[in-house]
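Presented below is the structure to which this report refers.
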Amino acid sequence: MPQFSLQELADRLGLAVIGQAQTRISGVCGVDPGEPGCIAFVADSRYLERVATTRAAAVIVGAAQSEVATNGLLAEHPQWAFAQVAALFALPEGPVEGIHSDATIDASAQLGPGCAVGARAVIGSGVVVGGGCRIGAGTTIDRDAQLGPDCDVGSNVSIAARVRIGARALILPGAVIGSRGFGNVPVAGAWRTMPQLGSVRIGDDVEIGANTCIDRGALGDTLIGNGVKIDNQCQIAHNVVIGDHTALAAGVGIAGSAVIGRHCMLGGQVGVNGHIQLVDGVIINGGGKVLQSVTEPGQYGSGAPLMPVGQWRRFMALMGRLEARLKRLERKPER
Amino acid sequence: MPQFSLQELADRLGLAVIGQAQTRISGVCGVDPGEPGCIAFVADSRYLERVATTRAAAVIVGAAQSEVATNGLLAEHPQWAFAQVAALFALPEGPVEGIHSDATIDASAQLGPGCAVGARAVIGSGVVVGGGCRIGAGTTIDRDAQLGPDCDVGSNVSIAARVRIGARALILPGAVIGSRGFGNVPVAGAWRTMPQLGSVRIGDDVEIGANTCIDRGALGDTLIGNGVKIDNQCQIAHNVVIGDHTALAAGVGIAGSAVIGRHCMLGGQVGVNGHIQLVDGVIINGGGKVLQSVTEPGQYGSGAPLMPVGQWRRFMALMGRLEARLKRLERKPER
Amino acid sequence: MPQFSLQELADRLGLAVIGQAQTRISGVCGVDPGEPGCIAFVADSRYLERVATTRAAAVIVGAAQSEVATNGLLAEHPQWAFAQVAALFALPEGPVEGIHSDATIDASAQLGPGCAVGARAVIGSGVVVGGGCRIGAGTTIDRDAQLGPDCDVGSNVSIAARVRIGARALILPGAVIGSRGFGNVPVAGAWRTMPQLGSVRIGDDVEIGANTCIDRGALGDTLIGNGVKIDNQCQIAHNVVIGDHTALAAGVGIAGSAVIGRHCMLGGQVGVNGHIQLVDGVIINGGGKVLQSVTEPGQYGSGAPLMPVGQWRRFMALMGRLEARLKRLERKPER
């Protein structure tokens, strides 16, 4: 494992040291209880008191906290500084360098310098992969897809033909990008397949979670903006548009042609109806079901409370009779 | 890209031309705003006025609309005609022809004429694949599974032993068909594995979405009818039966031994309890939770409205006290 | 297909025969209607009458039911005895023996005796696989991961670097274990990646469903106890802890750092908020959303009833106005 002095970390990150600059740091930890030899962070001044009791060797604190009695670093964004330090201690995963001899790369595919490709990866004809990309074992990239530089693609990912992905994408195992949207035409009681002729275009600095699916457009493309972060097992249907820097927690489903604004946050298992719009800055609590457009930024939720099952069964029965009971009550004064 | 005259399209589809039969068509588009050189459609007469303003070169309209002032085609089902035209412009994806030299095909497997198999696909012993199938890169088909002719299987799909799939299946990347159902026996505070001895039988013309799972039966088979269309990330548990021409949107979960009728439509993230039945022609709105059998066809929904989070918190508290508040109100007249 | 006499089955399982010990058993079936030549079970004495009418050749009944007029076996746990008999009739799937010549196994990986590895599987450097494991086709196991003995891993599974899995794990196709948790730091309106330095540690006798995802910890590990059974398409976020013998039905999502007790049961599509705790012995009905810690064992549910869509729309409108209507009613007596 690497080791750094606080001074070395400060120099790398452009930060100021507090306390003893030669303190050795061999890892990162949480502040409570902390681990010897490691560096933690406190982002919220309410937790500053934990600095006094932590077992960590050093703590990254806010730039205004230079008076704190600890060894550490001063940072405008302590959590972001911590993330940068943590990256120094990340262990290798996936393909590290070179093209594995068991990868299948079409002769017409172009890989930029410094790419690593894992065993059993399949890169099709006309694919263009930017420099410094890592393509995991068993991942398939179909014809004419394009990836920008420095993408990190996990194992068993499926990227369809003609998908375009920007720089520095982080794509986790099992993700499916660009498979056909769910389009079928009812004809005389049966469904006929509607071809899906669009593709998927993804901006820079996007994260796509494990087993997440992003469908290609029916006509035109499904669009994922810059800096969008998508957790595992999300479903992005055809022709959805997601604005820059929006984040989706795991299990979010967005139906076709919905438009999600920028800087939105959708909690776990949120569902968004098709053909509606969420303006910029909308937050939906986990489990929320969004049936209609949301025209004002802010935080929203839906759903009913958890109850012991007996109470819940009475609640369920009550809900079905509620309107009638209220109407009866509202009529009473007239008697 | 291919090009067709309206007359050529009319001849292929058995339709009548309106306007100039030599109009060149090089793609498909939406009617509003439309794209030059492309053909659009209008299925609903309410939108016929868009024909006057579209930039599209031609429009497919209903058979009764021969008076519309446009170049185009007359079709009984404009959307279906449009789908057929769109298919003429679909670009290649996946394996196009032949068996890739990096595929692993057991000597005892039988592939019909005209199959294409992608790199790193694995086809096991005793597997039978009908003619004209396309098997995507990295897909595994385990022993003795059978696929009918003209199936299109995406990449990284897992098809388990002895699964039987009909003709013209469309199976998207990452789908898992025939893995064991979730069966465990509680014995003295621990779970013991219940073997799942059944399989999965799938009819003709079925679509199975990306990362969708269809479990094999515990005893007997999980059954998917003809023409069933299943979107991404659906979960079909062991011994479920889905009737012909039923459609499931993304994220639907159906618990074990549930029986879904024919011509049903389940919206996104719908959940269906185990061991219940839905008759033919049931529509469940997105997010609906179906706890009991549905015995009448029709459209159903469940769930609570989205609210700004402050209001929602009060709503959640109110729900917990609702029965008591109502009872108090209902007692008041007696005072 | 194998055949056994009742006596042979009784000897293998250490059970007593009732009726004719030489009855031939060539498979297993349900008791109603039953299949000739097969053995069924009745675990609940309420269903004992079915023994009289079943077409099954024999029935496993409770140890107290020795008076039942049937051929069969007496077992303390009839269903568990049935599971053991069923296992005798399970047909082969996945790799059965040996290392397929098309597998890619790093020279530094260690496989115990009796392992079977499917085609196109990829086993990375430093991986340790216990004896008797089966690794499915197309599965990737990244560097330094460890599996205990007798694990059964399906096809196209992704196991990340340094993940540790105990003995006898059953891992279904498409599962993703140990990919990075969803950690991002907001910095000046954009998200920055928080490295995820932990891993996943999984106990013995765990089942992990198809396309289920278990994220690695941010700091420290995500922990899955012994005997935990996880169905398909579940999402276990970073640093979640799941206690021994807990079972999750399909589609469960558990947000980061939640702690689930032992012997809990979470129904399909349940969602659990992050950083909360469920004590031992909590049961959450399917679809339930758990926003706060559950401190008492017992069964819980949430959600609203399914209604015909017209009634549901009125219900949704009513919910929004409910507080106002109640307050108006509660004011009336003062008039």
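Quick note: the coordinates plus some simple rules give every number you see, no bench work behind them. Keep in mind the model is a prediction, meaning the values are calculated, not measured. Methodologically, a virtual Cβ is constructed for each residue, glycine included, from the backbone with ideal geometry; neighbour enumeration extends over all protein chains shown.
Put simply, the amide H of A:Gly253, placed in the peptide plane, has neighbours under 5 Å in A:Gln235, A:Val270, A:Gly271, A:Val272, leaving out anything fewer than 5 places away on its chain. At most 13 other Cβ atoms within 10 Å plus a DSSP loop assignment makes a site exposed; report the longest stretch of chain C without any exposed GluC sites (Glu not before Pro). Longest site-free region, per DSSP loop and neighbour criteria: C:98-335. Hull volume per residue, based on the alpha-carbon atoms of the stretch A:52-172 and their convex hull, is 118 Å³.
The magnitude of the dipole of chain B, with charges of +1 and -1 set on the Cβ of Lys/Arg and Asp/Glu and taken from the Cα centre, is near 1900 debye. By its C-alpha gyration tensor, with a ≥ b ≥ c as the square roots of the eigenvalues, how is the stretch C:207-284 shaped: rounded for a/c under 1.5, else prolate for a/b larger than b/c, else oblate? Verdict is rounded for the stretch C:207-284. Each residue of the stretch C:125-134 was assigned a 3J(HN,Hα) from its phi angle through the Karplus expression (A = 6.51, B = -1.76, C = 1.60, θ = phi - 60°), giving 5, x, 5, 10, 10, x, x, x, 7, 10 Hz with x at Gly and Pro.
Dividing the mean sequence gap of close Cα pairs (under 8 Å, 6+ apart) by how many residues the stretch A:66-178 holds gives a relative contact order of 17 percent.
Determine the sum of side-chain charges near B:Phe182: Lys and Arg each +1, Asp and Glu each -1, restricted to other residues whose C-beta is under 14 angstrom from that of B:Phe182. Once positives and negatives cancel, what remains is +1.
Shown for C:Pro113: label points 7 Å from Cα along the beta-carbon vector, and their distances to the equivalent points in the other copies, 5.2, 5.2 nm in ascending order. Electrostatic bookkeeping for A:Gly62 treats Lys and Arg as +1 and Asp and Glu as -1; over the other residues with beta carbon under 13 Å from its beta carbon, the sum is -2. Using only the Cα atoms of the protein assembly as shown, build the gyration tensor, take square roots of its eigenvalues as a ≥ b ≥ c, and label the shape rounded, prolate or oblate: rounded if a/c is under 1.5, else prolate if a/b is larger than b/c, else oblate. Note, shape of the protein assembly as shown comes out rounded. Our helix-only sum for chain B, with -39,500 (n - 2.57) per DSSP H run of n ≥ 4 divided by its residues, gives a mean residue ellipticity at 222 nm of -4000 deg cm²/dmol. Across the identical copies, the 7 Å label point of A:Asp32, projected outward along Cα→Cβ, sits 5.6, 5.6 nm from its counterparts, in ascending order. Fewest neighbouring Cβ atoms within 10 Å first, the residues B:Val153, C:Val241 line up as C:Val241, B:Val153.
Residues considered: A:Gly183, A:Gly217, A:Gly256. Largest GNM mean-square fluctuation over chain A, using C-alpha springs under 10 Å, is found at A:Gly183. For the protein assembly as shown, a crude dipole built from +1 on the beta carbon of Lys and Arg and -1 on the beta carbon of Asp and Glu, taken about the Cα centre, is about 3920 debye to the nearest 20.
Couplings 3J(HN,Hα) for the stretch A:30-37, derived from phi with the Karplus relation 6.51 cos²θ - 1.76 cosθ + 1.60 (θ = phi - 60°), are x, 6, 10, x, x, 10, x, x Hz, where x marks Gly and Pro.
Seen from all directions on average, the stretch C:163-258 presents a Cα convex hull projection of 5.8 nm².
Copy-to-copy label distances for B:Asp280, where each label lies 7 Å from Cα along Cα-to-Cβ, are 5.3, 5.3 nm in order of increasing length.
Quick one: which of C:Lys229/C:Lys289; A:Lys289/B:Lys289; B:Lys229/C:Lys289; B:Lys289/B:Lys327 span more than 24 angstrom between C-alpha atoms? Listed pairs above 24 Å: B:Lys229/C:Lys289; B:Lys289/B:Lys327. From the alpha carbon centroid of the stretch B:59-100 to that of the stretch C:264-335 is 47 Å. Note that the stretch B:138-143 has calculated 3J(HN,Hα) couplings of x, 7, 10, 10, 7, 3 Hz, one per residue in order, obtained from phi through the Karplus relation 6.51 cos²θ - 1.76 cosθ + 1.60 (θ = phi - 60°); glycine and proline are x. Springs join every pair of Cα atoms under 10 Å in this Gaussian network model of chain A, and among A:Ala119, A:Ala250, A:Ala69 the largest mean-square fluctuation is at A:Ala69. Taking every DSSP bridge with both residues inside chain C, close to 10 percent are antiparallel.
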